[in-house]
Amino acid sequence: MNRLIATLALGIALAMAAVAGAGVAWAHATRVATDPVQNTELTQSPQKVSATFNEALQSQFAAMTVVGPDGNLWSTGDPKVDGAVVSVGVRPLGPSGTYTVNYRVTSADGHVVSGSWSFKLTVSGTGTPGPSASATSQPNDGIPVWPFFVAASLIVAVGAVWAVRRQR
Ligand SMILES: [Cu+2]
């Protein structure tokens, strides 16, 4: 009886691990393009930045920020989702250097997709920044959930093996 329970537990653990793993690899939205293109060198501020995905995004819960070389926020307003494109407005930029766009969006399948890319401003602008980015939470600070599923599955599997051994 104990062996049956242990086998069942092991089966469930493996199934959970498979589902968690598959969820990562399956059909959530992948980024196919950005504007500006990654590592582009610009002499002028873009009016907005955008990322295009391979499928329509959910319009809720989108986050997108632009953080400058000074550590300040240079994005302005709320991010906008339009089909497969998420964008946010950009202030007139300030110091030359690397600006990083961080985003977090929700796929049609419910999975949260986050990431970032950077572009360079080669000529300093005269814009004034928003608040310090460290004072606000950045979109891709989010911790992916699936490692916890895998960890939980492993714990169950180890417990199952232990239960089987104990019987001998
Ligand atoms: Cu997905």
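Key figures
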| read-out | value |
| --- | --- |
| Ellipsoid equivalent to region 68-132 - semi-axes via the Cα gyration tensor, in Å | 26, 12, 10 |
| Residues in region 86-117 that a label on Phe61 would reach, taking backbone N under 14 Å of a point 7 Å out along Cα→Cβ | 104-114 |
| Options Gly110, Ser137, Gly68, ranked by Cα towards positive dipole end of region 64-146, top entry (Cβ charges) | Gly68 |
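Here, each number is a calculation from the coordinates, and none is a lab measurement. No experiment lies behind these values; they were computed from the predicted model shown. Note that we place each Cβ from the backbone using ideal geometry, even for glycine, and neighbour counts take in every protein chain shown.
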